[in-house]
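Have a look at the structure below, then the notes.
The values are calculated or read from the model by the stated rules, or taken from the named source; none is laboratory data. Nothing here was measured: the structure is a model prediction, and the numbers come from that model. Cβ placement follows ideal geometry from the backbone for every residue including glycine, while neighbour counts extend to all protein chains displayed.
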Amino acid sequence: MKLAIALHENQGVYALLIGSGVSRAAAIPTGWEIVLDLVRKVAAASGEDTKSDPEGWYRQKFGQPPDYSKVLDILAATPSERMGLLHSYFEPTQDEAEKGLKVPTDAHKAIAKLIRYGYVRMILTTNFDRLIEKALEEAGITHDLISSEDDLKGAMPYVHSRCTVVKLNGDYRDTRIKNTPEELANYPENLNTFLDRVLDEFGLIVCGWSGEWDVALKSAILRCPTRRFTTFWVAKGELTSDAMDITRNRHAEVIRIESADKFFAELLEKVESLRELERPSPISTAVAVATVKQYLVEPRHRIRLHDLIHQETERLHLELASERFNTKVESVTKEAFQQRILQYEALIERLMAMLAALSYHDTGDNADLLTRCIQRLVQMPRRDGNVALLGLQLYPALLVTYASGMSAFAAKRFLNLAAILRKTEYLENLERKPAICKLNVWEVFSHGADKWVPRPNAEREYTPASNYLLELLRPVLKDYLPDNAKYEETFDVFEYALTLTYVDLVKDGWAPMGRFGWKYRYSEPTHPPIAQFVRNDIADSDMLRAGFFNGSFTSFEQIQREAIEILGRWKSHWH
C-alpha cells in the first residue's frame, strides 16, 4: 500500500530494477544457465561428458572460465548461426506460446500499464530477454532502448523519453552480453556515469534481482549518496547477503511476495484504485449528462439546470483554489507538470461532459450558462508563483472551451459558440478583456511548456498542445461526432474559428495558431482549405446572426485576410 501511494503521488520518479525472477514464470533461463547449457553442447559435440559440472569441465578443457562469446564462437561461426542457436532460449515455439511460455507475463503486462499511466518511466534490467519490450509494444508504448555502449552514446535523454529501458547486461542478440563474474565486475565509465545519475534522481523498486552476481550494479547502488525517494525491495524468499547489504545501506522497505506476477498485478490494482478516486464516477458523470439533457427538454426546469451547472462549477473552483494546486514552487519538473495536467483533467471531466451536452442540445436559450461557467474558471486563484504553473491554472477553462465549442460546431449551435468564444471575459486591472486572450494553448502552455504535454515526442512537434487536445477530447465528444474524420475536421474548424475571433476581438497583430496551421502549411497562402469550412457557415449567415464579425460578411473577409497574413508569419517561423 505504501508503494502504491508513493507511485501515485510521485508519478515518474521511481525506476524499476528487474532481474531474472520477473521472467522466471515465462520459463526464460538466466544468462548463466544458458552458458552452462551451451557448454554441455560443446562437450557433447566433442564426445565428452561434463559429469554434471559444465563449468569445471570447461575450465579443465580450455584453461579459463566459460565465456559467453567464446562458447558461442565454438558452436556457431557466423552471427546468423549464433542467432539461430540462441533463438530457442528466448523465443517461443508455437506450442510454448500456446502454453504461455516465453511470452510477456502478467508482471510484464502490469508494468506496461504502469508506464502507460505515467507512473514509471525508467526500467533497469539485468535480463537478456525481450519480454518487457514486447509488453510495451503490445500496449502501444513507444520506448527508448539502451542495451550497449553504442546505444548509450546516441540515446535520447531520458527526461524527454516516455519510457527508457536499459538492459545493463546486454541483449541476447548481441554477443557482447555480460555473463561471467569477470564481465559483471565492472561497467564502462559512461554506463557508470549514467547509473549514478539515475540512482541519484529516481527512487528504486527492485524485483527479481538477488544482488549476488552483478557486482558492478551493486557497487553503483551502494555508492549513491542521496536518498531522495524510498527504495522498495521486493523479495520472494530470504534475501541474499548482498541484498541485505543494499537494503541496509539504502534503508529500503522490504516487501515479501509470492510471485512477481501476483505482486505487480496487485500493485497495479491498488494504483488504479487511487487513480479512480481522483476521477468523477463514470456513473455520476453519465447521470449528470443525462440530467442536463432532461432539464433542457422542458423550460420549467431552467432553474434546476442553472443550479446543477452552478454547483458543479463552484465545486470545481473551490478545489482548484486549494493548496493541492499551489503555484509557489522554486522550480517545476516535466514530470510534476504532467502530473498536474492529469489532475486537472480528472477534476474537469464531469463538468466538461455536462457543458458539451448543453452546448450541443441547447438552442441558445441557456447559452448564458456557458459564458458564466467559463468566466468563473478563468478567474485564476493565484497571481504569483512559478510561471508555468500559473498559466496552467487556465487549463480546466481551456478544456471546457474546446469541448463545448466543438460540440456547438458539431450541432451548428452558433449562439452557444458565441457565448463561449465572444462573450466570455475576465477582469484585469479593473478592465474587462475578452477571455479568448487567455483561453488558447499558447497562453495556457506558455514559455515552451507545450513541449511538456503528456505526449510521446511532443518536443519534436510544432503544435504539441493542440495535438494532445485532439486525442484527449475524442472520448468526450464521441456521441456528438462519431466519425473520426468529421471529428478531426471539426477540431480544426473550431481552432480556426478561435483564431478568427481572436483577431476580431483582440486586435494585437498576433493570433493563436492551432494544428490546422501546420497541417495546411503547404496550401495556397491566400486560401487555406480550413478557411472554406468556416466560410460555408458564414455564407449561410448563421455565424453572422450569432454576432460573429459584427454581423458583417465584409468584416469577416477583412478579419480572415488578417488571420491568413498572421498564418503566413507562423509558417515562416516554422520553416
Check on Gly47, free of Cβ contacts under 8 Å to residues at least 12 places away in the same chain, outside any helix (DSSP H, G or I) and not assigned by TED's automatic domain parsing to the domain that holds Pro456: yes
Top-ranked residue in the range 539-550 [being surrounded by fewer than 18 Cβ atoms within 10 Å (Cβ to Cβ) and within 14 Å of Leu500 (Cβ to Cβ); ranked as modelled with the highest pLDDT]: Gly547
Top-ranked residue in the range 111-150 [being at pLDDT below 85 and part of a helix (DSSP H, G or I); ranked as nearest to Leu267 (Cα to Cα)]: Glu149
Total residues in the range 461-486, condition assigned to a helix (DSSP H, G or I) and more than 24 Å from Lys451 (Cα to Cα): 3
Restricting the range 311-334 to residues that are modelled with pLDDT under 85 and assigned to a helix (DSSP H, G or I), the residue that is surrounded by the most Cβ atoms within 10 Å (Cβ to Cβ): Arg324
Residue in the range 474-494 that is in contact with an Asp or Glu (Cβ under 7 Å, 6 or more places away or on another chain) and of a type in the set (Ser, Thr, Tyr) present: no
Conditions (1) surrounded by fewer than 15 Cβ atoms within 10 Å (Cβ to Cβ); (2) closer than 25 Å to Ile341 by Cα; number of the one not met by Glu182: (2)
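Residue by residue, here is whether (1) in a loop (DSSP other than H, G, I, E, B); (2) surrounded by 15 or more Cβ atoms within 10 Å (Cβ to Cβ); (3) at pLDDT 90 or above holds:
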site: Phe516; (1), (2), (3): no, yes, no
site: Thr526; (1), (2), (3): yes, no, no
site: Gln558; (1), (2), (3): no, no, yes
site: Ile566; (1), (2), (3): no, yes, no
site: Arg569; (1), (2), (3): no, no, no
Hey, Lys262 surrounded by fewer than 16 Cβ atoms within 10 Å (Cβ to Cβ), at pLDDT 90 or above and either outside the structural domain of Asn416 (by TED's automatic domain parsing) or of a type in the set (Val, Ile, Thr) (or both) or not: yes
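Surrounded by fewer than 20 Cβ atoms within 10 Å (Cβ to Cβ), of a type outside the set (A, V, I, L, M) and touching a residue at least 60 places away in the same chain (Cβ under 8 Å): is that true of Asp95 in this structure?
No: the conditions fail for Asp95.
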Matching residues, the range 59-75, being part of a helix (DSSP H, G or I) and farther than 20 Å from Tyr172 by Cβ: Arg59, Gln60, Lys61, Phe62
Index of the failed condition, Lys102 passing every other in (1) basic (Lys, Arg); (2) within 29 Å of Val166 (Cα to Cα); (3) more than 34 Å from the chain's Cα centre (by Cα): (3)
